[in-house]
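The values are calculated or read from the model by the stated rules, or taken from the named source; none is laboratory data. What you see is a predicted model, and the numbers here were worked out from it, not measured in a lab. Virtual Cβ from ideal backbone geometry, glycine too; neighbours counted across all protein chains shown. Side chains included, ligands, DNA and RNA excluded: accessible areas come from the protein's heavy atoms. Shrake-Rupley method; radii C 1.70, N 1.55, O 1.52, S 1.80 Å.
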Amino acid sequence: MKKILIAPFVFLVRAYQLLISPYTPATCRYSPTCSTYTIEALKKHGLFKGGWLAIKRIFSCNPWGGKGYDPVP
(Lines give C-alpha, C1' and ligand atoms only; values in the text may rest on other atoms or scores of the structure.)
Protein backbone atom coordinates (compact mmCIF):
# COMPACT_ATOMS: atom_id res chain seq x y z
CA MET A 1 0.00 0.00 0.00
CA LYS A 2 2.84 2.43 0.88
CA LYS A 3 4.48 1.89 -2.51
CA ILE A 4 1.26 2.75 -4.30
CA LEU A 5 0.86 6.01 -2.35
CA ILE A 6 4.41 7.22 -2.91
CA ALA A 7 4.76 6.10 -6.55
CA PRO A 8 3.37 9.32 -8.14
CA PHE A 9 5.65 11.48 -5.97
CA VAL A 10 8.71 9.39 -6.70
CA PHE A 11 7.83 9.62 -10.39
CA LEU A 12 7.64 13.42 -10.20
CA VAL A 13 11.01 13.68 -8.47
CA ARG A 14 12.63 11.29 -10.97
CA ALA A 15 11.14 13.32 -13.84
CA TYR A 16 12.66 16.44 -12.28
CA GLN A 17 16.02 14.67 -11.99
CA LEU A 18 15.96 13.63 -15.66
CA LEU A 19 14.26 16.58 -17.37
CA ILE A 20 14.99 19.70 -15.36
CA SER A 21 17.98 19.20 -13.07
CA PRO A 22 20.58 18.60 -15.81
CA TYR A 23 19.80 22.01 -17.30
CA THR A 24 20.06 24.03 -14.08
CA PRO A 25 23.18 24.87 -12.07
CA ALA A 26 23.98 22.57 -9.14
CA THR A 27 22.95 24.58 -6.10
CA CYS A 28 22.04 21.99 -3.47
CA ARG A 29 24.09 22.57 -0.33
CA TYR A 30 23.59 19.06 1.00
CA SER A 31 24.77 15.56 0.28
CA PRO A 32 22.77 13.62 -0.81
CA THR A 33 20.98 16.14 -2.99
CA CYS A 34 17.50 17.27 -2.02
CA SER A 35 15.84 15.22 -4.77
CA THR A 36 17.69 12.04 -3.77
CA TYR A 37 16.89 12.75 -0.12
CA THR A 38 13.20 13.13 -1.00
CA ILE A 39 13.05 9.76 -2.74
CA GLU A 40 14.88 8.04 0.13
CA ALA A 41 12.64 9.68 2.74
CA LEU A 42 9.47 8.68 0.90
CA LYS A 43 10.62 5.08 0.50
CA LYS A 44 11.82 4.77 4.09
CA HIS A 45 9.13 6.68 6.00
CA GLY A 46 6.10 6.78 3.72
CA LEU A 47 4.12 9.63 2.26
CA PHE A 48 3.38 11.74 5.31
CA LYS A 49 6.53 11.56 7.44
CA GLY A 50 8.80 11.21 4.39
CA GLY A 51 7.01 14.10 2.69
CA TRP A 52 7.40 16.24 5.81
CA LEU A 53 11.13 15.44 6.01
CA ALA A 54 11.51 16.33 2.33
CA ILE A 55 9.69 19.64 2.72
CA LYS A 56 11.84 20.58 5.74
CA ARG A 57 14.99 19.71 3.82
CA ILE A 58 14.01 21.67 0.71
CA PHE A 59 13.17 24.77 2.76
CA SER A 60 16.49 24.56 4.61
CA CYS A 61 18.46 24.38 1.34
CA ASN A 62 19.21 28.09 1.08
CA PRO A 63 22.19 30.36 1.78
CA TRP A 64 21.09 30.84 5.41
CA GLY A 65 20.30 27.15 6.01
CA GLY A 66 22.56 24.22 6.70
CA LYS A 67 24.99 22.39 4.47
CA GLY A 68 27.07 19.22 4.33
CA TYR A 69 26.21 15.57 4.77
CA ASP A 70 22.60 15.08 5.90
CA PRO A 71 21.27 11.54 5.52
CA VAL A 72 17.63 10.50 5.91
CA PRO A 73 17.02 9.69 9.61
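Just by accessible area at a 1.4 angstrom probe, what is the order of Tyr30, Tyr69, Tyr37 from largest to smallest?
Order by accessible area, largest first: Tyr69, Tyr30, Tyr37.
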Computed over the chain, the ratio Rg/Rh where both radii use C-alpha atoms and Rh is Kirkwood: 0.97
With every protein chain in place, the chain: carbon and sulfur % of accessible area (1.4 Å): 70 percent
Within segment 57-73, backbone nitrogen closer than 15 Å to the virtual label 7 Å beyond the Cα of Glu40 toward Cβ: 57-58, 67-73
Where Lys49, Lys3 fall by accessible area, highest first, once all protein chains stay in place (1.4 Å): Lys3, Lys49
Ser31-Tyr16 pseudo-label distance in nm [points 7 Å out on the Cα-to-Cβ vector]: 2.2 nm
Computed [θ] at 222 nm, deg cm²/dmol, the chain (DSSP H ≥ 4; -39,500 (n - 2.57); rounded to nearest 500): -21500 deg cm²/dmol
Ordering of 50-58, 15-23 by burial proxy (mean other Cβ atoms within 10 Å per residue, highest first): 50-58, 15-23
